[in-house]
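Let me begin by presenting the structure, written as structure tokens, before commenting on it.
What follows is calculated from the coordinates using simple rules that are stated; it is not laboratory data. Since the structure is predicted, the reported quantities are computational estimates derived from the model, not experimental observations. For neighbour counting, all protein chains shown are included, and Cβ atoms are generated from backbone atoms with ideal geometry for every residue, glycine included.
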Amino acid sequence: MTIRHHLSDQLLMAYAAGQLPEAFNLVVATHVSLCDECRAQLASFDAVGGALLEDADEIAMGEDALAEALTRIQGLPQATRSEPLKSAGVFPAPLADYVGGDLASVRWRRVGGGVKQAILPTGPDATVRLLFIPAGTAVPDHGHRGTELTLVLQGAFADQNDRFSRGDVEIADEDLEHTPVALAGEDCICLAATDAPLRFRGLLPRLAQPLFRI
Ligand code: ZN
Ligand code: ZN
């Protein structure tokens, strides 16, 4: 498995500092369990977290604070890579723990066009859901208010910008309007966190049937 799309340093740092909503924590933890690169990066953030906190009084929390912190962190030796948690199923260990099992324990709700979702219980400040998109089916066209993190667990999807397969994470924000389409061959299962409701455009007519099949 080659992961091409990773978490940003900002997300990893916020995760290390315990500043993310529970919904985003779950996506980050699940990606990190699959990804050597982000796991190593996170370990180096963890290693300097204490030092940064000790110096917190002296760091001006202006625009430059993050860049400054990153520069300091990048100068430090790479932390030792710990082994990933192993899981035999579709769900990596952090997600399997959260759900209490693998795919078979998910209670899906149909949202139209063969697309199914299961919203996982989290705190109220953000939402995380499992999405099941049949092979060749599009997720309705939508923009974002806030941030959307989508991690692929099975199959693959593509949008106007790129292609994402198992382990890849797409970071979408207000500027991105996209139509993800599950690639043919295998149903696509994703874990997606949002910190504000998606604003679907023309939701009802579009949900009635897949937009197109490839
Ligand atoms: Zn990564
Ligand atoms: Zn999106």
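Scaled to the globular estimate 2.2 N^0.38 Å, the Cα spread of segment 104-167, given as radius of gyration, is 1.18. With a Förster radius of 25 Å applied to the beta-carbon distance between Ser105 and Asp187, the computed FRET efficiency rounds to 0.90. Here the extension length gained between Gln10 and Asp36 equals 7.6 nm, from 0.36 nm per residue of separation less the Cα-Cα distance. One decimal place: the segment Gln160-Asp46 gains 37.5 nm when fully extended, by the rule 0.36 nm per residue minus the C-alpha distance.
Modelled this way, with points 7 Å down the Cα-to-C-beta line, the labels at Ala118 and Met1 are 1.8 nm from one another.
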